[in-house]
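J.: Have a look at this one before I ask anything.
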Amino acid sequence: MIGIRRGESVVEDSAAVDIEDKASAGEDADEQESSPLSDLRDRFGAESEAPLSDGYACVKGKAKIAKPKKLTAMVQQYIDIKRQHMDAIIAFEVGYKFYFYGEDARIASRELNIVFIPGWMTIEEATSSNKIYEKFASAIVPIERIYFHTKRLTEKGYKVGIVRQLETAALKAAGSNRNTVFKRELAEVYTKGTIVDDFSKMSGMVGASQPSGFIFSMCEELSGKNQNATIGMIALSPSTGQVIFEEFEDGFLRGELETRLLHIQPCEIVLIGDVTKESEKVLKTVVSHHNTSSDIIRTERIKKPTVENARDHLTQYYRNTQTDDADKKIREVLEYTQSFSSSVIVCLSAMIEFLKEYRLEGIFELPHCFEDFKSRSHMILNGNTLSSLEIYRNQTDFTEKGSLFWALDQTRTRFGQRLLRKWVGNPLIDREELELRVAAVEEIKESRSERWSTLVSLLAKLPDLENGLIRIHYGRCTRSELYTVLRAFDQVCSAFPTAVTERPWRSEIINECFALLPKMSFEISKFLSEFDHNAAQNNDKYHFFIDEDEYRDIQDEKLGIIAVENELETFIVEARKLLKKSYIKYSSWSGNDYLIELRNQELRTVPKNWVKVSGTKNVSRFHAPEVVGLLRERDQRREALAIACDQSYKRFLVNVSERYQDLRNTVQALAKLDCLLSLVAVSKMPAYVKPTFVDEPCIKVEGGRHPMVEQLLLTSFVPNDIDISSSGTHAMIITGPNMGGKSSFVRQTALIAIMGQIGCYVPAQSATLGLLDAVYTRMGAYDNMMAGESTFMVELHECSDIMRSATRRSLVLLDEVGRGTGPIDGVAIAHSVLSHFITDVKALTLFITHYPMLCSFADQYPKHVANYYMGYMERQTEDGETDIAFLYLAVPGIAHRSYGLNVARLADLPKSIITCAAEKSAELEESLSSTQRLNW
């Protein structure tokens with residue numbers, strides 16, 4: 001019989017603690033997680049008569065000071081660790097629980113809703129000679145719940161350090177330090193962006209997209225005048241292994257920085273060195289829009305290395321990580337990083353050091369993990385555009401519902417969802433690449449092959465393989481998680497075993513993806529054949545490996561345990577002879593094994609050196625000294641076996657990780673197929689059409705509809721036509737009543753163009769699109785109080801940025817330029833801005849205005865400028881007031897009135913106010929008409 005039975009629960013950690021540890025564990029043995037208690041020290045104060053703890057008593061309303069005692073070894077151990085990590089909440093392992101002490105306990109109690117036990121709040125209070133309490137304040141969680149509570153704390157923006165016991169009771173008892181405090185050290189550190197030990201994300205269930213998990217780091221240097229800056233950035237996702245880098249120039253408003261933050265949507269920000277006030281303001285704005293009580297972006301500042309030191313550090317780091325098997329890959333990564341700009345190298349060096357505390361620096365050793373943000377193969381969607389067009393979040397409650405990503409997301413896997421998010425934010429501008437993607441969507445849409453139903457069913461069941469692979473690379477994957485990942489790969493290989501040799505599709509994208517699916521079939525089968533699947537699913541480390549001859553250390557410890565158990569069986573035979581009782585056998589009672597049980601009337605022959613462990617009125621149970629010694633040896637062997645199993649498993653993970661890139665290629669193929677299927681699902685919606693792409697910049701749409709509003713409306717959406725091109729009408733001046741649908745119309749036009757360049761069918765009867773290099777927007781009125789800028793200043797800054805960036809192939813949406821100042825200056829500025837886009841840039845321009853005089857551009861440039869207004873109908877109410885019925889149709893012509901009083905009625909302003917406003921409006925209109933007649 002083997003020493004560790006399958007399914008047997010064996011405690012690897014300490015079953016007992018040193019004297020101080022036992023005291024601490026015993027004092028709180030009955031504490032359970034419950035609703036939080038208010039801090040009793042705050043409630044009662046020093047004048048309270050209520051006893052607060054063992055070290056605090058009240059006599060006649062005054063506090064009695066506890067007699068100073070020397071700090072115990074365990075308390076001193078905690079203080080030494082805490083002093084080195086004052087920025088983190090420390091969870092301290094004691095026996096079978098984790099303790100939070102001092103101020104950390106107060107935070108844990110408040111955030112985790114657990115009991116707070118009063119005591120010392122600070123290290124200074126603990127080391128003071130005048131002590132009210134005799135121990136630290138504390139809060140306790142069970143050892144098996146530590147990761148759950150750690151994640152809750154990190155989501156609220158805290159940094160959490162986990163201090164573990166490094167010795168077990170049995171091994172410590174066998175050592176020379178048996179009478180000292182258990183050895184402990186900070187084993188793990190987590191923040192929101194670095195907590196990758198949560199496998200729940202690997203569920204195949206896909207709903208709302210998960211947070212990106214990106215850590216965004218940046219450093220900057222001022223360049224020239226006007227607070228312009230050169231910014232270097234590294235954004236990395238420890239959960240997926242993705243690293244994004246770039247150096248860019250940014251202006252006073254830091255619009256480029258905002259764009260990257262909105263694209264990446266980080267959960268944590270690391271500022272390297274000093275950051276300018278302008279950048280700080282943008283960061284604060286982005287963070288404030290994101291933060292909620294339960295979801296906070298954490299910000300940390302770290303030291304900035306010099307460029308020379310950063311280059312030397314990178315060279316030394318990659319040389320130190322080289323091994324015989326990984327030399328070539330590491331050299332490739334080193335050579336690639338040496339081509340980075342100076343500011344990116346500084347960021348990379350700083351982030352390697354930053355991640356060492358979390359033991360995640362290995363992310364930078366992965367080949368092909370680096371990605372340049374500013375790839376020119378994609379359309380530019382800056383921060384304003386992402387917000388105005390609601391690409392990722394709506395502008396109402398800043399959630400995903402109602403965004404373009406929400407409208408297009410029909411993915412079935414987490415990794416597919418992440419890739420689709422990237423596609424949505426990076427529409428293609430390479431016509432050949434775009435037409436290949438559209439052709440793939442069309443072929444899948446028209447296909448009746450059973451392979452697609454097989455793939456759809458398979459994708460819905462897959463875990464988050466991207467997250468699972470990176471956990472394997474970090475060495476943090478449990479046995480059950482490893483089995484889940486490898487089994488999922490095996491299912492993929494089995495579902496499409498012949499895809500490597502077959503190329504049945506017209507689309508090369510589809511053929512290439514399917515060819516990658518079974519490519520790792522042999523390696524996956526080999527990995528799965530090396531361990532017992534039932535043991536893996538149960539996280540049974542002792543029976544995990546099938547062929548233990550390859551793992552001599554495990555086999556040696558198991559043979560040692562068998563030898564001890566054989567000696568125990570030999571001893572029971574001798575005990576029968578000694579006691580002259582042939583019926584005696586071993587029994588177990590209350591967790592104690594190998595007890596010898598005798599009836600109480602038969603105790604005369606029991607040797608004096610036998611120890612009575614338990615008994616009843618009828619029987620007594622003993623441990624012989626020989627048994628005690630053999631059990632101690634068995635426990636030591638078991639714990640040595642546990643260590644050997646863990647070490648062998650880590651080596652096995654390293655072997656699997658060597659195929660990381662090949663496995664990731666398979667995941668990327670699955671993700672691409674998932675995204676294509678998502679676009680197919682959208683393209684199959686009623687009245688969606690495949691766009692035709694042409695070289696000339698143009699947007700010609702018949703019966704176009706807003707892709708998000710259409711899905712949210714309970715009634716039918718009113719379609720609209722548009723026809724703008726660089727060779728014909730390339731500017732539309734749009735007027736119309738307030739709330740008539742002007743903004744919705746121009747947004748709809750931009751969204752149809754973006755959807756087409758993503759590779760999706762579009763909501764229209766027909767669509768001809770020229771490839772755009774960017775979409776720029778200046779919509780909405782808001783100020784920037786943090787920057788001390790008025791609404792008008794923000795408006796002009798944004799217009800200035802668009803003027804510098806837009807090209808003939810850009811789409812520009814401008815909404816009520818000039819409204820932030822007086823009417824004369826406003827008209828003048830709007831006129832000049834519009835003239836610039838019509839005559840100089842010649843971009844495709846949609847210009848919304850309430851200034852009818854701007855419509856004269858259509859007379860000046862009849863070939864290139866057209867006037868449109870949003871249709872409406874007037875009707876008289878019983879009260880004699882003019883009511884407006886919106887038609888939401890864009891029709892040629894000019895609307896000379898905005899009908900603001902109608903909006904006032906819809907807003908339910910008091911009738912007296914509306915009547916007064918109507919009288920004043922008529923008076924001003926008559927005055928203006930009289931002035932015009934006099935001028936004539």
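J.: Could you give the size of the charge dipole of segment 668-780 about its Cα centre, using +1 on the Cβ of each K and R and -1 on the Cβ of each D and E, expressed in debye and rounded to the nearest 20?
T.: Dipole magnitude for segment 668-780 comes out near 260 debye.
J.: Can you tell me what percent of all Cα-Cα pairs in segment 639-793 are more than 24 Å apart?
T.: Considering segment 639-793, 56 percent of its Cα-Cα pairs are separated by more than 24 Å.
J.: For a Förster distance of 25 Å, can you work out the FRET efficiency between the beta-carbons of Arg152 and Lys461, rounded to the nearest 0.05?
T.: After rounding, the FRET efficiency stands at 0.30.
J.: Only counting other Cβ atoms within 10 Å, I'd like His730, His313, His533 sorted with the fewest neighbours first.
T.: His533, His313, His730
J.: Could I ask something else about it? Just subtract the alpha-carbon distance of Ser832 and Asn539 from 0.36 nm times their residue separation and send over the number in nm, one decimal.
T.: Gain on stretching Ser832 to Asn539: 98.4 nm.
J.: Using alpha carbon centroids, what distance separates segment 700-722 and segment 796-866, in Å?
T.: Centre-to-centre distance over Cα atoms comes out at 25 Å.
J.: Of Lys159/Lys304; Lys284/Lys672; Lys82/Lys183; Lys156/Lys461; Lys304/Lys422, which sit over 24 Å apart, Cα to Cα?
T.: Distance filter (> 24 Å) returns Lys284/Lys672; Lys156/Lys461; Lys304/Lys422.
J.: Which residues' amide hydrogens lie under 5 Å from the amide hydrogen of Gln165, considering only partners 5 or more residues apart or on another chain, with H built in the peptide plane?
T.: Under 5 Å from the amide H of Gln165 lie the amide H atoms of Glu93, each far enough along the sequence or on another chain.
J.: Enumerate the calculated ³J(HN,Hα) couplings along segment 820-836 in order (Karplus 6.51 cos²θ - 1.76 cosθ + 1.60, θ = phi - 60°), each rounded to whole Hz, writing x wherever the residue is Gly or Pro.
T.: Values per residue, Gly and Pro as x: x, 9, x, x, 5, 5, x, 5, 5, 5, 4, 4, 5, 5, 5, 4, 4 Hz.
J.: Express in nm, to one decimal, how much length is gained between Asp825 and Thr839 on full extension, taking 0.36 nm for each residue of separation and deducting their alpha carbon distance.
T.: Going from the current span to full extension adds 2.9 nm.
J.: Can I ask one more? Which ³J(HN,Hα) values, rounded to whole Hz and listed in residue order, are derived for segment 186-194 from phi using the Karplus coefficients 6.51, -1.76 and 1.60 in 6.51 cos²θ - 1.76 cosθ + 1.60 with θ = phi - 60°, glycine and proline given as x?
T.: 5, 8, 9, 10, 9, 10, 4, x, 10
J.: Another question, then. Between segment 576-621 and segment 249-286, what is the C-alpha centre distance in whole Å?
T.: Value for the Cα centre distance between the two parts: 74 Å.
J.: Right, here's the next one. Compute the distance in nm between two label points, each set 7 Å from the Cα along the Cα-to-Cβ direction, one at Val606 and one at Val628.
T.: 1.4 nm
J.: When the Kirkwood radius is taken over all Cα pairs of segment 562-651, what Stokes-Einstein diffusion coefficient follows at 20 °C and 1.002 mPa s, in µm²/s? Kindly include the intermediate steps, with their values, before the conclusion.
T.: Values: Rh = 14.5 Å.
This corresponds to a translational diffusion coefficient of 148 µm²/s.
J.: While we're here: Thr478 to Asn665: extension gain in nm, 0.36 nm per residue of separation minus the Cα-Cα distance?
T.: 65.1 nm
J.: Suppose R0 equals 22 Å. What FRET efficiency, 1/(1 + (r/R0)^6) with r the Cβ-Cβ distance, do Glu446 and Glu512 give to the nearest 0.05?
T.: Details: r = 20 Å, r/R0 = 0.89.
Efficiency at R0 = 22 Å is approximately 0.65.
J.: If the cut-off is 18 Å between C-alpha atoms, which lysines fall inside it for Lys131, apart from same-chain ones fewer than 8 positions away?
T.: Lys62, Lys64, Lys67, Lys69, Lys70
J.: Could I have the simple spin-label model distance between Glu530 and Phe693, label points 7 Å from Cα toward Cβ, reported in nm to one decimal?
T.: If labels sit at Glu530 and Phe693, their model points lie 4.4 nm apart.
J.: Could you pull out the chymotrypsin sites (Phe, Trp or Tyr not before Pro) across segment 525-620 that fall in loop regions by DSSP (anything but H, G, I, E, B) with no more than 15 other Cβ atoms inside 10 Å?
T.: Tyr583
J.: Could I ask something else about it? Would you please give the FRET efficiency between Asp295 and Arg431, computed as 1/(1 + (r/R0)^6) with r the Cβ-Cβ distance and R0 = 35 Å, to the nearest 0.05?
T.: Rounded to the nearest 0.05, the efficiency is 0.30.
J.: Which lysines have a Cα less than 16 Å from the Cα of Lys541, not counting those fewer than 8 places away in the same chain?
T.: Answer for Lys541, where 16 Å is the Cα cut-off: Lys558, Lys650, listed by chain and number.
J.: Next question. When the Karplus curve 6.51 cos²θ - 1.76 cosθ + 1.60 is applied with θ = phi - 60°, which whole-Hz ³J(HN,Hα) does each residue of segment 158-167 get, with x for Gly and Pro?
T.: 8, 9, 10, x, 10, 9, 10, 6, 9, 10
J.: Compute the distance from the alpha-carbon center of segment 99-123 to that of segment 473-524, in whole Å.
T.: Using only Cα atoms, the two centres lie 48 Å from each other.
J.: Okay, next question. If you average 1/r across every pair of different Cα atoms in segment 209-374 and take the reciprocal, what Kirkwood value do you get, in Å?
T.: Details: mean 1/r = 0.0611 Å⁻¹.
About 16.4 Å for segment 209-374.
J.: Also, quick follow-up: Taking amide H positions as placed 1.01 Å from N in the peptide plane, with prolines and chain starts having none, which residues 5 or more places from Ile380, or on another chain, fall under 5 Å of its amide H?
T.: Ala774, Val775
J.: OK, next. Residues of segment 354-383 with backbone nitrogen within less than 18 Å of a virtual label 7 Å along the Cα-to-Cβ line of His85, please, listed as ranges.
T.: Zone members listed by number: 354-361.
J.: What is the set of long-range amide H partners of Leu889 at a cut-off below 5 Å, with H atoms built 1.01 Å from backbone N?
T.: Sorted by chain and number, the residues that satisfy this are Gly871.
Coordinate-derived values only; no laboratory data. Just so we're clear, the structure is a prediction, and the values are computed from it rather than from any experiment. Reconstructed Cβ throughout: ideal geometry from the backbone, glycine too, with neighbour counts over all protein chains shown.
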